[in-house]
Amino acid sequence: MNPRAALLVLALAACQPADAGAEHKSESPLDPQVATLTAELERLRVLAQAEREEARAEIASLRAELDQAANSRIARESEWLRYTKAISALGERADVPTPAFATDAPAPVATTTPAPPAADPKDAALEKDAADAVARAAARAERDRAIHLALRSLFTAERILAFELMETGTLGDGATGPVVLRTLDEIGRPTGSICAARMRFEASRTARTLTLVLENGYERRGTTKIPFERVGDDPGATRAAADDPVTVGADDPAALERGVRRVVLPGIDPAPWIEALPELFGTITSAAVPDDGHWKLVSLRNELNLLLREDAVGGWWRLASVGGVRGSVICDVVLDQLDRDGHLERKLFADRLTVLREDRGLQLLLESGAQLRGDRKLPFLDGRYRIFLPRADVTAWMSRGVPGLSPPPH
């Protein structure tokens, strides 16, 4: 009973005459008010019943809509299963034996057994190509399903509660797509969705960062569709370049022509993701730190620090640690940027460091990493960070022994 109805009942009780058991009583002046209150109470009861019926009808409609959505999903999955079974059966159907077409008349007795007709090499090649195409299509479909299941498992294992993975599409060219992510609030309620044509990952084993890169898409919030920002239109990128003219964090001209949304997943070890989904990480092929054993890491770190220390007019870089060397690439590195007084300004973590020659000086190309300023860790934009050393003596670097500029020591 709602509060208003309760008040009406109390009012009715108060309006009852005190001598209710008298045989002869005169009509009370409160009788019209009692009748009015009784009618109002009955009206409220009818209104409450109507509201309950309306709520039941709405619940039934929502349940029917939910059942319809579940049936549609099951129908789509069944249709896909029938399609894949039909594709798999094409290989068997292609291998149909040729009928003999025997006649009613007895065949003449031959003195020698004729040789069977030779198979046409072209037909055999076509049949083999068709069977190979069917096998490749089945393998791609199986890998797409494995990627979807692996991503859902990793999202659950790492307790990524802000997103729910709905669709992952098909694998191709280092990414999968189209992709649909449902966005959730802090208690798991849907707040919108993110749709993208492609999805790939950027990661750093050294910095322990994992970034979800979504390309060519939009975010939907209610009825509002918000396209991804284009990298070239981001004013923050221009300000960063102006504040630090000797370092550049992005090197992807194609990104200037597409909308990109980056989602940083903090505090996640990328190793299990790299092992389960190597196709989505670009050049990263293994979670292990590579080292070919041709360089002495302690000596290499000391030599590089001496070379980096020679130019200390406005500060310098210091190589804090090296994990290994693979060919011309220095792996698993930590770089400290120091000001002219030797105070730490920031730290750079990178899985790969390559020393490149420039028209003037040298360039340090860091890949798959992050920079740490204070307590804030930011992954490299598009997975790369460049440090230019225009005053570096290239001849000195080559003579001192640096991977990429000189052969390993004997």
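The values are calculated or read from the model by the stated rules, or taken from the named source; none is laboratory data. All values derive from a computational prediction rather than experimental measurement. Counting neighbours? That spans all protein chains shown, and the Cβs are built from the backbone with ideal geometry, glycine included. Remember, those area values only see protein heavy atoms, side chains included, never the ligands or the DNA or RNA. Shrake-Rupley method; radii C 1.70, N 1.55, O 1.52, S 1.80 Å.
Using modelled amide H (1.01 Å from N, peptide plane; none on Pro or chain starts), what sits under 5 Å from the amide H of Thr170, excluding residues fewer than 5 places away?
Amide H to amide H, under 5 Å and 5 or more residues apart or across chains, Thr170 pairs with Gly177.
Estimate the FRET efficiency between Arg373 and Ala131 by the formula 1/(1 + (r/R0)^6), using the beta-carbon distance for r and 41 Å for R0, to the nearest 0.05.
That pair, Arg373 with Ala131, gives E of 0.10.
Could you order the peptides 324-330, 354-360 from most to least packed, using the average number of other C-beta atoms within 10 Å per residue?
So the order, starting with the most tightly packed, is 324-330, 354-360.
Calculate, in nm to one decimal, what Leu44 and Asp291 gain on full extension: separation in residues at 0.36 nm each, minus their alpha carbon distance.
Stretched fully, the Leu44-Asp291 segment lengthens by 80.8 nm.
Once R0 is set to 35 Å, what does the formula 1/(1 + (r/R0)^6) return for the Cβ-Cβ distance between Val264 and Ala60, expressed as a FRET efficiency to the nearest 0.05?
In this case the efficiency is close to 0.20.
Would you kindly state how much longer the chain becomes between Glu275 and Asp123 on full extension, computed as 0.36 nm times their sequence separation minus their alpha carbon distance, in nm to one decimal?
Gain on stretching Glu275 to Asp123: 50.6 nm.
Using the heavy atoms of the protein chains and a 1.4 angstrom probe, tell me the accessible area per residue for the range 140-206 in square angstrom.
52
Taking all protein chains as present, what is the carbon and sulfur share of the accessible area of the range 128-214, in % to the nearest whole number, probe 1.4 Å?
Result for the range 128-214: 55 percent of the exposed heavy-atom area is carbon or sulfur.
Label points 7 Å out from Cα along the Cβ direction at Ser406 and Glu345: separation in nm?
Distance between label points: 2.8 nm.
On average, how much area does the Cα convex hull of the range 269-389 cover when viewed from any direction, in nm²?
That works out to 8.4 nm², a quarter of the Cα hull's surface.
Collect residues whose amide H, placed 1.01 Å from N in the peptide plane, falls under 5 Å from the amide H of Val334; neighbours closer than 5 in sequence don't count.
Close amide H contacts, sequence-distant or interchain: Ala320, Ser321.
For the range 312-402, with every protein chain kept in place, what is the accessible area per residue (1.4 Å probe, Å²)?
48
If you stretched the chain out fully between Arg73 and Arg391, how much longer would it get, using 0.36 nm times the residue separation minus the C-alpha to C-alpha distance?
That pair, Arg73 and Arg391, stretches by 108.2 nm at full extension.
Return the sequence-ordered ³J(HN,Hα) values of the range 129-143 in whole Hz as given by the Karplus equation 6.51 cos²θ - 1.76 cosθ + 1.60 applied to θ = phi - 60°, using x for Gly and Pro.
4, 5, 5, 5, 5, 5, 5, 5, 5, 5, 5, 5, 4, 5, 5
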